[in-house]
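Reading through the structure tokens given below for one structure.
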Amino acid sequence: MVIIMKVSVIIPTLNEEESIGHVLDKIPKDPKYEWEIIIVDGDSKDRTREIATEKGAKVIVEKRRGYGRAYKTGFAAATGDIIVTLDGDDTYPAEKIAELVDYLLSNNLDFISCERFSKMKKGAMSLTHKIGNKVLTITTRLLFGVNIKDSQSGMWVFRREILKDLNVTSDGMPFSEEIKIEAWKKFRCEEVPIEYRERKGEVKLNTWKDGFRNLLFLFKKRFKRGD
């Protein structure tokens with residue numbers, strides 16, 4: 001079978017020894033693609049890196065903190081034609097990655113964001129987190145005209161070539177909403193519903209603090225140049 005494209009799967013981690021092995025095992029290595037798995041680790045103190053290495057992933061230690069910083073490091077290291085992102089806590093369906101890549105290519109899309117709410121499993125997200133996501137998504141739609149249902153999803157599938165045209169500035173949690181805003185302005189994008197599950201391991205998101213920072217970032221990005 002001829003390999004038509006290379007897929008880079010990028011997963012940021014911090015103390016995910018309970019889940020990272022399960023996530024990596026679920027990634028389907030469809031033989032029509034070449035696969036590259038990159039773990040960007042925030043200097044975990046458990047066995048996350050060891051487990052990832054044993055599973056055949058390339059591990060990069062990124063001691064600089066920040067969700068966006070981790071992804072920028074991963075993007076710089078990726079060599080695939082297609083990039084797929086997801087968390088290392090087993091909340092996202094790693095087993096669907098090949099299907100999502102197929103969907104991107106067959107529909108001639110540039111960017112897919114995976115929407116979590118339509119197929120969310122019971123207990124996967126707290127009520128506070130759901131409300132915060134709704135506020136951020138509505139604000140994103142109003143300020144930027146981006147017609148999406150889930151501005152905070154961390155699972156994306158996109159062509160690596162579009163990165164050069166995305167002005168993504170955040171090194172923190174707002175990176176997730178910012179990359180969607182940038183992609184929707186310039187490229188062929190679509191939201192695809194995916195199953196979202198309860199995470200394994202410790203919750204690291206600070207709902208109120210991170211939510212407020214994300215909201216503030218949206219207004220700063222929208223009005224920084226009066227455009």
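Taken together, the criteria place E115 among residues that are acidic (D, E), surrounded by 14 or more Cβ atoms within 10 Å (Cβ to Cβ) and assigned to a strand (DSSP E or B). Could you say whether any residue in the range 30-50 is in contact (Cβ under 8 Å) with a residue 60 or more places away in the chain and either in a loop (DSSP other than H, G, I, E, B) or under 29 Å from M120 (Cα atoms) (or both)? Yes, some residue in the range 30-50 is in contact (Cβ under 8 Å) with a residue 60 or more places away in the chain and either in a loop (DSSP other than H, G, I, E, B) or under 29 Å from M120 (Cα atoms) (or both).
Please determine whether any residue of the range 130-139 is surrounded by fewer than 21 Cβ atoms within 10 Å (Cβ to Cβ) and either acidic (D, E) or not in a helix (DSSP H, G or I) (or both). Scanning the range 130-139 turns up no residue that is surrounded by fewer than 21 Cβ atoms within 10 Å (Cβ to Cβ) and either acidic (D, E) or not in a helix (DSSP H, G or I) (or both). The condition (being in contact with a helix residue (DSSP H, G or I) (Cβ under 7 Å, 6 or more places away or on another chain), under 21 Å from S153 (Cα atoms) and surrounded by fewer than 22 Cβ atoms within 10 Å (Cβ to Cβ)) is satisfied by just one residue among G68, G80: G68. Please verify whether the range 118-140 includes one or more residues that are touching a Lys or Arg at 6+ places or on another chain (Cβ under 9 Å), farther than 22 Å from G68 by Cβ and not small (G, A, S). Yes, there is a match, as at least one residue in the range 118-140 is touching a Lys or Arg at 6+ places or on another chain (Cβ under 9 Å), farther than 22 Å from G68 by Cβ and not small (G, A, S). Restricting the range 75-96 to residues that are in a helix (DSSP H, G or I) and under 12 Å from the mean Cα position of the chain (by Cα), the residue that is nearest to V168 (Cα to Cα) is F75. Of everything in the range 140-188, what is touching a residue at least 60 places away in the same chain (Cβ under 8 Å), outside any helix (DSSP H, G or I) and within 20 Å of K220 (Cα to Cα)? Give them in sequence order. Once the filter is applied, which keeps residues that are touching a residue at least 60 places away in the same chain (Cβ under 8 Å), outside any helix (DSSP H, G or I) and within 20 Å of K220 (Cα to Cα), the range 140-188 yields Q152, V168, S170, D171, G172, M173, P174. Please tell me if I60 is closer than 16 Å to I38 by Cβ, in contact with a Phe, Trp or Tyr (Cβ under 7 Å, 6 or more places away or on another chain) and part of a strand (DSSP E or B). Against the criterion (closer than 16 Å to I38 by Cβ, in contact with a Phe, Trp or Tyr (Cβ under 7 Å, 6 or more places away or on another chain) and part of a strand (DSSP E or B)), I60 does not qualify.
Taken over the range 118-129, residues that are under 24 Å from D25 (Cα atoms) and either more than 17 Å from the chain's Cα centre (by Cα) or surrounded by fewer than 15 Cβ atoms within 10 Å (Cβ to Cβ) (or both) amount to 4. Residue check: H129 meets all listed conditions (1) at pLDDT 95 or above; (2) touching a helix residue (DSSP H, G or I) at 6+ places or on another chain (Cβ under 7 Å) but one, namely (1).
The values are calculated or read from the model by the stated rules, or taken from the named source; none is laboratory data. Because the structure is predicted, anything quoted here is derived from the model rather than measured. Using ideal geometry, Cβ is built from the backbone for each residue, glycine included, and neighbour counts are taken over all protein chains shown.
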